[in-house]
């Protein structure tokens, strides 16, 4: 009986402490802001090597998407237009399809249908985890010329706001 009088309050205090801390737990995706972008090396749909570190000196729009996602398919032609318009100012768009790897042929077909000419690679849970856990798409990250994540956009995003951030980053040395 005595242990109950001693342990019960201690357990209550521990539970309250854990509950208070749970509300303040860091959102992994948010903690990426203003941090170096997680490094990866993958092959794109054409078998070419995509090394994120090779894009230092460029502003990178890293877009996680899927073929079944209507907002993703709406964004892609705009991203393609930005690649054409701002590529000479050192913008690089990289697409990461979160479709199953077995669907790579379907992703290639979709890329041709949409006329996308920026690199697209197949993503997976491990790559998604590096970027805070990609649980829904679309999710896009803007990475500055030094390789630091400066913005994160999730879900249907106002493309005008995203373009404004791109222009701001491109104007910086």
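The values are calculated or read from the model by the stated rules, or taken from the named source; none is laboratory data. Just so you know, these numbers come straight off a predicted model, no measurement behind them. Methodologically, a virtual Cβ is constructed for each residue, glycine included, from the backbone with ideal geometry; neighbour enumeration extends over all protein chains shown.
Quick one: count up the residues across the range 164-173 that are buried (at least 17 other Cβ atoms within 10 Å of the Cβ) and touching a helix residue (DSSP H, G or I) at 6+ places or on another chain (Cβ under 8 Å).
1
Taking the stated definitions as given, is residue 132 under 14 Å from the mean Cα position of the chain (by Cα) and more than 20 Å from residue 40 (Cβ to Cβ)?
Values: under 14 Å from the mean Cα position of the chain (by Cα): yes; more than 20 Å from residue 40 (Cβ to Cβ): no.
The answer is no for residue 132.
May I ask you to list the residues in the range 114-135 that are assigned to a helix (DSSP H, G or I) and under 28 Å from residue 90 (Cβ atoms)? Give the steps one after another, and end with the answer.
Initially, the range 114-135 is screened for residues assigned to a helix (DSSP H, G or I), giving 114, 125-130.
Result: 114, 127, 128, 130.
Scan the range 147-163 for residues that are surrounded by 14 or more Cβ atoms within 10 Å (Cβ to Cβ) and outside any strand (DSSP E or B) and report the count. Reasoning before the result, please.
Step one: filter the range 147-163 for residues surrounded by 14 or more Cβ atoms within 10 Å (Cβ to Cβ), giving 147-154, 157, 159, 162-163.
Narrowing further to those that are outside any strand (DSSP E or B): 147, 157, 159, 162-163.
The number of residues fulfilling the criteria is 5.
For residues that are surrounded by fewer than 16 Cβ atoms within 10 Å (Cβ to Cβ) and within 20 Å of the chain's Cα centre (by Cα), scanning just the range 88-110, find the one that is modelled with the highest pLDDT. Working first, answer last.
The first filter runs over the range 88-110 and keeps only residues surrounded by fewer than 16 Cβ atoms within 10 Å (Cβ to Cβ), leaving 88-90, 100-102, 104-106, 108-109.
Filter once more, keeping what is within 20 Å of the chain's Cα centre (by Cα): 90, 100-101, 104.
Details: 90: 98, 100: 94, 101: 87, 104: 95.
Here the answer is 90.
Might you let me know whether the range 87-106 holds any residue that is more than 21 Å from residue 42 (Cβ to Cβ) and without any contact (Cβ under 8 Å) to a residue 60 or more places away in the chain?
Among the residues of the range 87-106, at least one is more than 21 Å from residue 42 (Cβ to Cβ) and without any contact (Cβ under 8 Å) to a residue 60 or more places away in the chain, which makes the answer yes.
Any idea which residue in the range 134-146 is farthest from residue 34 (Cα to Cα), counting only those that are at pLDDT 95 or above and surrounded by fewer than 18 Cβ atoms within 10 Å (Cβ to Cβ)?
Checking each candidate, the answer is 145.
What residue, of 79, 86, is assigned to a helix (DSSP H, G or I), more than 20 Å from residue 133 (Cα to Cα) and out of contact with any strand residue (DSSP E or B) (no Cβ under 6 Å at 6 or more places or on another chain)? First the steps, then the outcome.
Working: 79 fails: out of contact with any strand residue (DSSP E or B) (no Cβ under 6 Å at 6 or more places or on another chain).
The match here is 86.
Taking the range 24-52 as the region of interest, how many residues are outside any helix (DSSP H, G or I), under 14 Å from the mean Cα position of the chain (by Cα) and modelled with pLDDT of 95 or more?
Of the residues in that region, 8 qualify.
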